[in-house]
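Each remark here refers to the structure printed beneath this line.
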Amino acid sequence: MRKFRKGDKARITKPVLIRRTNGDIDVLDGKVVLVTEVGNEKCRCDIGLKMPVLIPLSHLSRVA
């Protein structure tokens with residue numbers, strides 16, 4: 001059984017670095033994201049930017 005499903009909410013538990021289009025680097029840690037697609041090792045998540053971001057499953061925990 002998979003840990004996450006499409007439409008679940010997850011919390012980022014480890015630091016994830018995101019480079020924005022203007023060159024700034026953001027560190028996401030503790031942010032709640034929406035899972036849009038689930039793979040074997042990574043999830044495609046909507047974090048509120050223009051495009052979804054791939055985040056490893058080891059960096060996510062499920063939110064009730």
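The values are calculated or read from the model by the stated rules, or taken from the named source; none is laboratory data. These numbers come from a predicted model, not from an experiment. Positions of Cβ are generated from backbone atoms using ideal geometry, with glycine treated the same way; all protein chains shown enter the neighbour counts. Areas reflect the complete protein model, heavy atoms only, side chains present, ligands, DNA and RNA absent. Shrake-Rupley method; radii C 1.70, N 1.55, O 1.52, S 1.80 Å.
Residue count for the stretch 24-52, restricted to those that are of a type outside the set (D, E, K, R) and open to solvent by 40 Å² or more (accessible area, probe 1.4 Å): 10.
Yes/no matrix, rows are residues, columns are (1) in contact with a Pro (Cβ under 6 Å, 6 or more places away or on another chain); (2) at pLDDT 95 or above; (3) over 13 Å from residue 9 (Cβ atoms):
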position	(1), (2), (3)
26	no, no, yes
29	yes, no, yes
39	no, no, yes
42	yes, no, yes
49	no, no, yes
52	no, no, yes
58	no, no, yes
64	no, no, no
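Given the condition hydroxyl-bearing (Ser, Thr, Tyr) and touching a Ser or Thr at 6+ places or on another chain (Cβ under 7 Å), answer yes or no: does some residue in the stretch 9-20 qualify? Taking every residue of the stretch 9-20 in turn, at least one turns out to be hydroxyl-bearing (Ser, Thr, Tyr) and touching a Ser or Thr at 6+ places or on another chain (Cβ under 7 Å).
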